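Reading through the structure tokens given below for one structure.
The values are calculated or read from the model by the stated rules, or taken from the named source; none is laboratory data. Please read these numbers as outputs of a predicted model, since none were measured by experiment. Here the Cβ positions follow ideal geometry from the backbone for every residue, glycine too, while neighbour counts run over all protein chains shown. With ligands, DNA and RNA removed, areas are computed over all heavy atoms of the protein, side chains included. Shrake-Rupley method; radii C 1.70, N 1.55, O 1.52, S 1.80 Å.
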Amino acid sequence: MSFKLYNYVLSGNCYKVRLFAGVLGINYDSIAVDFHPGQEHKSDDLMQLNPAGTLPIMIADDLVLTETSAMLIWMASKFDSDNTWWPATDAAKTAAIVQWLGFSSDLTSTIGEARLHTMLNRDVKIEKALADGIVALRRIEAQLTEQGLRGGAWLVGESPTIADIACFPYVALAPDAGLEHDDYPAIRNWLYAIRSLSGFVTMPGIHEVHELRNEGD
Amino acid sequence: MVTEPVGLSNNLPIKRVMPARVGDTDIAVWRSASGVVSAWLNRCPHRGMRLSHGFVRGESLACLYHGWQYGCDNKCKYIPAHPALEPPTTIQTMAYTVVEKHGVLWVSLDGTPEIPALFEKLQPVRSISFNCSNEDVLSALAETTLTCDDGQVLSASDMQSQNILILDNPQNKPKLAVLFQKSSAANVTAHLLADNSWSIDGLIRISRWCELVRRRAEIKIPDNRRNL
Amino acid sequence: MAGLERAKEDWYPIAIAGSTVDGEQLDTSLLGINITLHGDKDREISVTADGNNLPVQTRYDHVWTTFSENPRPLFDIPEADEAGRVLVPCGVVRVKCSPLRAVENFLDIAHFPFVHTDVLGAEPHTEVEPYDVKIDETIDEVIATKVKFFQPQAAKSAGDGIVTDYVYRVAAPMVSILYKTCPPKPGSQDVITLFVQPLDEETCNVWPWMALYDYENSMADMISFQQMIFVQDRSILENQLPRKLPLDPKMEIPTRADMTSIAYRRWLKRGGAIYGALTEAV
Amino acid sequence: MQETTTVQLTVLGDFRSGEYTDWVRHRANILDLTGWINTRDNNFVEIEICGNPILVEAFELACSIGPYSVTVRDIQVRTVSNGPYSCSAFEVR
């Protein structure tokens with residue numbers, strides 16, 4: 001197996017890794033963690049492994065990775081032989097990608113937090129999380145609009161990168177928190193483009209692309 | 001009933017469905033594999049699921065919940081739970097008139113579309129939604145200017161109607177057209193079209209100007225009135 | 001409010017047993033009324049509404065309360081006490097829909113291929129074969145039997161696809177119990193329930209709970225599986241119009257595949273259990 | 001050509017609100033079924049319904065609940081024939 005993932009099915013951050021593994025076509029060991037209701041990520045065993053008490057945790061080679069951006073870079077560097085998802089030798093592109101990797105943590109702290117409240121009853125300052133979530137969605141919408149005017153469909157450059165993988169989950173899951181996609185046409189088209197990628201995997205709240213299955217016709 | 005612009009054509013590719021609103025009415029707009037556009041009440045007649053969450057299979061839109069399929073004639077074509085059944089033509093969605101013109105999707109709830117005949121050779125730029133009133137957007141527009149590629153400065157003038165704003169040369173060749181889709185007192189969407197004088201950088205400038213207008217428009221309303 | 005008095009006669013889940021610590025207070029809502037759960041010494045729990053104590057009991061790994069001094073008895077799940085079963089409380093999921101819609105969806109199998117794709121169903125296996133539904137007057141429950149559906153991965157413990165047999169019970173307006181083929185123990189049935197806490201008529205907390213024969217998977221695996229399934233349903237439930245459950249299906253088109261749904265609505269109507277329901281056609 | 005069935009329904013309940021007949025006719029029209037309804041009194045309705053068996057079942061299901069103002073206590077179903085039917089619409093008798 002290529003790596004080991006401490007995983008929670010409803011976590012958008014864990015889903016980044018599951019999704020990228022699907023797209024790259026790589027297998028991994030998944031260990032389910034009872035984040036809710038059991039708070040197992042705060043258990044002694046997992047706190048020993050990851051003192052930050054967060055999920056996911058990736059055991060990759062001799063590394064213990066706890067930040068999803070690091071995981072995505074590691075996976076791309078190791079398994080993407082074409083170097084398109086993380087074009088390491090292209091200074092401008094990698095810099096732009098890292099900007100969006102940073103922004104993806106804003107999505108977690110806004111939409112992700114609002115979703116924990118709205119879906120799993122967690123104690124969160126919901127008004128602020130929702131207001132900041134709208135700001136974040138508008139920023140992605142503006143970027144994708146500009147990319148569309150340039151003729152592109154992705155956050156950076158002409159092909160999908162780990163920036164798209166990192167930002168996709170919490171943008172796609174925004175309706176879980178009550179933030180619908182109705183006002184964001186560029187986001188809707190981008191979500192569809194990612195969902196249509198070969199190897200795409202779903203998570204609860206993000207449905208199968210039934211358009212691409214034809215058995216029912 | 002006025003005909004509302006609900007979106008830009010290029011934001012609804014073939015085999016896709018999108019949500020839209022005309023006044024209080026929740027609508028699903030979709031485009032079949034062959035390009036036919038339909039606009040329906042956003043509710044599956046079977047069990048009330050929003051059809052905008054559905055998926056297009058060829059010339060039918062399927063509901064995500066139980067997969068019931070409806071064709072471009074609004075009639076039910078297939079019920080997966082009863083695959084042998086040929087559904088009666090009496091099972092159908094609630095359909096509205098939708099017209100595609102000037103690169104814009106227009107929906108009329110009462111069947112008589114009235115589309116302004118002003119625009120020719122305009123290209124879609126973007127749609128943008130505001131959490132404030134139409135008046136707030138108009139007054140923010142009046143405070144801002146936009147510079148064209150040739151250096152000409154556009155400012156809000158020449159209101160054509162409540163729902164359309166033309167910037168520069170209102171008679172026949174606008175450089176920029178702003179179509180307003182009014183959803184509620186606290187929510188309005190603008191669809192922008194530009195003529196072919198704009199470069200890609202110019203179109204991006206228009207997009208950023210929209211953001212500027214929105215910041216100005218939304219700052220006019222106190223936080224406690226803001227519709228989040 | 002229509003149906004409120006009737007709804008106050010039932011027991012509702014508000015927490016997982018043992019989840020509160022000494023002195024901890026947890027504010028929640030039940031039937032639109034603010035209530036507070038107090039975790040006290042030795043994990044003894046009390047629940048108050050407006051300063052008054054409400055009846056409390058702990059059963060099926062959950063804390064239950066009611067507004068009635070003389071409530072209807074809590075339903076019975078005899079399997080809960082069978083030796084060898086793993087009891088799995090799955091936590092809470094909040095949904096912006098009528099509590100009755102959450103139960104109705106749980107009784108539905110025709111959506112499996114589209115909402116639980118490749119897990120509980122998959123095209124082209126979409127046909128719903130005839131099954132039996134009755135309202136059992138003696139125990140005042142809705143029972144659906146002989147329900148069969150092809151499932152690619154019926155449970156966490158299932159390998160390849162199998163035809164799964166289902167029996168459904170609606171034991172209270174906001175409680176549904178499902179008995180299904182148990183892959184690792186032929187002849188026995190897994191018990192999967194949906195306990196619904198009505199926050200108000202259009203919002204609910206759903207507490208899935210299971211009693212399984214599964215010795216291979218970890219607790220986290222089993223919880224993950226059930227949370228995956230229910231959260232797949234959540235986005236459907238939040239997008240059904242109207243948000244309350246219509247008892248008059250004039251604007252809907254039920255077919256044989258919706259028999260359990262219609263029996264459930266008839267039973268709610270007959271019993272006056274209309275909290276969360278819409279009584280006029282829409 | 002899809003198969004056709006004709007069944008008679010005897011519906012017992014409380015129909016005093018008078019809304020059942022229109023409701024049933026509306027349902028027959030949605031499902032493209034023919035036949036008739038005869039309200040004998042406030043507690044007893046007879047319906048004959050003809051069409052595709054799956055749609056006839058859907059019709060029975062809808063009739064078993066009816067509009068909210070109506071209480072359906074029992075519904076008995078009797079197959080009359082499995083062949084073509086002469087009625088071309090749904091009538092109120």
Subject >> Residues of region B:42-87 that turn out to be at the interface with chain C (Cβ under 7 Å from one of its Cβ atoms), open to solvent by 10 Å² or more (accessible area, probe 1.4 Å) and either touching a residue at least 40 places away in the same chain (Cβ under 8 Å) or in a strand (DSSP E or B) (or both), as a count >> reply: 2
**OP:** Could you grab the pairs with beta carbons closer than 6 Å, sequence gap of 6+ or different chains, first residue in region A:21-33 and under 27 Å from A:GLY53 (Cβ atoms) and within 14 Å of chain C (Cβ to nearest Cβ), second one of a type outside the set (Asp, Glu) and surrounded by fewer than 20 Cβ atoms within 10 Å (Cβ to Cβ)?
**Re:** A:GLY22/A:GLY199; A:GLY22/A:VAL201; A:ASP29/A:MET1; A:ASP29/A:LYS4; A:ALA32/C:ALA220; A:VAL33/C:ALA220
Subject >> Hits in region C:123-146 (condition: out of contact with any Lys or Arg (no Cβ under 9 Å at 6 or more places or on another chain) and within 14 Å of chain B (Cβ to nearest Cβ)) >> reply: C:PRO124, C:HIS125, C:THR126, C:GLU127
**OP:** Among residues belonging to region D:1-33 that are of a type in the set (A, V, I, L, M, F, W, C) and in a strand (DSSP E or B), point out the one that is farthest from C:ILE253 (Cα to Cα).
**Re:** D:LEU12
**OP:** For B:THR112, work out the one condition from (1) modelled with pLDDT of 90 or more; (2) more than 21 Å from B:LEU12 (Cα to Cα); (3) not aromatic (Phe, Trp, Tyr) it doesn't fulfil.
**Re:** (1)
Original post:
Identify, please: which residue in region C:134-144 is within 18 Å of the chain's Cα centre (by Cα) and open to solvent by less than 50 Å² (accessible area, probe 1.4 Å) and is, among those, farthest from C:ILE262 (Cα to Cα)?
Top reply: C:GLU141
**OP:** Inspect region C:61-79 for any residue being at pLDDT 95 or above, closer than 18 Å to C:ALA15 by Cβ and in contact with a helix residue (DSSP H, G or I) (Cβ under 6 Å, 6 or more places away or on another chain) and give the result as yes or no.
**Re:** no
**OP:** Sort out which residues of region C:209-233 are within 11 Å of chain A (Cβ to nearest Cβ) and either touching a helix residue (DSSP H, G or I) at 6+ places or on another chain (Cβ under 7 Å) or more than 25 Å from C:SER19 (Cβ to Cβ) (or both), and write them in order of number.
**Re:** C:ALA220, C:GLN232, C:ASP233
Subject >> Given (1) open to solvent by less than 10 Å² (accessible area, probe 1.4 Å); (2) more than 14 Å from chain B (Cβ to nearest Cβ); (3) out of contact with any Lys or Arg (no Cβ under 9 Å at 6 or more places or on another chain), number of the condition C:THR164 does not satisfy >> reply: (3)
Original post:
Of all residues in region C:93-106, which are within 12 Å of another protein chain (Cβ to nearest Cβ) and either basic (Lys, Arg) or open to solvent by 10 Å² or more (accessible area, probe 1.4 Å) (or both)?
Top reply: C:ARG94, C:LYS96, C:ARG101
Original post:
Does C:PHE230 qualify as being among the aromatic types (Phe, Trp, Tyr), within 29 Å of B:PRO45 (Cα to Cα) and touching a His at 6+ places or on another chain (Cβ under 7 Å)?
Top reply: no
Original post:
Does C:ALA281 meet the test of being of a type in the set (A, V, I, L, M) and more than 10 Å from every other protein chain (Cβ to nearest Cβ)?
Top reply: no
Original post:
If we scan region D:10-21, do we find a residue that is closer than 20 Å to C:VAL133 by Cβ, of a type in the set (Gly, Ala, Ser) and over 13 Å from the mean Cα position of the chain (by Cα)?
Top reply: yes
Original post:
Could you list, in sequence order, the residues of region A:40-71 that are closer than 22 Å to A:SER105 by Cβ and of a type outside the set (A, V, I, L, M)?
Top reply: A:HIS41, A:LYS42, A:ASN50, A:PRO51, A:GLY53, A:THR54, A:PRO56, A:THR66, A:GLU67, A:THR68, A:SER69
Original post:
With respect to the numbered conditions (1) away from chain C (no Cβ under 14 Å); (2) in contact with a Leu (Cβ under 8 Å, 6 or more places away or on another chain), which one is the sole condition not fulfilled by A:TYR192?
Top reply: (2)
Subject >> Lone qualifier among D:PHE44, D:PHE15 - being open to solvent by 30 Å² or more (accessible area, probe 1.4 Å), out of contact with any His (no Cβ under 6 Å at 6 or more places or on another chain) and within 24 Å of C:GLY272 (Cα to Cα) >> reply: D:PHE44
Original post:
Applying the selection to region B:88-113, what residues are open to solvent by 50 Å² or more (accessible area, probe 1.4 Å), under 22 Å from B:ARG21 (Cα atoms) and within 14 Å of chain D (Cβ to nearest Cβ)?
Top reply: B:GLN92, B:MET94
Subject >> Filtered residue count, region C:230-274, keeping only those that are aromatic (Phe, Trp, Tyr) and either open to solvent by 10 Å² or more (accessible area, probe 1.4 Å) or outside the structural domain of C:LEU199 (by TED's automatic domain parsing) (or both) >> reply: 1
Original post:
If you go through region C:118-133 one residue at a time, do you hit one that is within 17 Å of C:CYS182 (Cα to Cα), part of a strand (DSSP E or B), open to solvent by less than 10 Å² (accessible area, probe 1.4 Å) and touching a helix residue (DSSP H, G or I) at 6+ places or on another chain (Cβ under 7 Å)?
Top reply: yes
**OP:** Kindly list the number of the only condition in (1) at pLDDT 95 or above; (2) outside the structural domain of C:GLU238 (by TED's automatic domain parsing) that fails for C:GLY39.
**Re:** (1)
Original post:
Condition test on C:GLU202, is it within 10 Å of chain A (Cβ to nearest Cβ) and surrounded by fewer than 23 Cβ atoms within 10 Å (Cβ to Cβ)?
Top reply: no
Original post:
Restricting attention to region C:246-282, which residues are β-branched (Val, Ile, Thr) and within 21 Å of the chain's Cα centre (by Cα)?
Top reply: C:THR260, C:ILE262, C:ILE274
Original post:
Hey, among D:ASP32, D:ASP41, which residue is modelled with pLDDT under 95 and either within 13 Å of chain B (Cβ to nearest Cβ) or more than 11 Å from the chain's Cα centre (by Cα) (or both)?
Top reply: D:ASP41
Original post:
Within the set of pairs 6 or more residues apart or between chains, which connect a residue that is more than 7 Å from chain C (Cβ to nearest Cβ) inside region D:61-76 to a residue that is among the hydroxyl-bearing types (Ser, Thr, Tyr) with Cβ atoms less than 7 Å apart?
Top reply: D:GLY66/D:TYR20; D:SER69/D:SER17; D:VAL70/D:SER17; D:VAL70/D:TYR20; D:VAL72/D:SER64; D:ILE75/D:SER64; D:GLN76/D:THR10
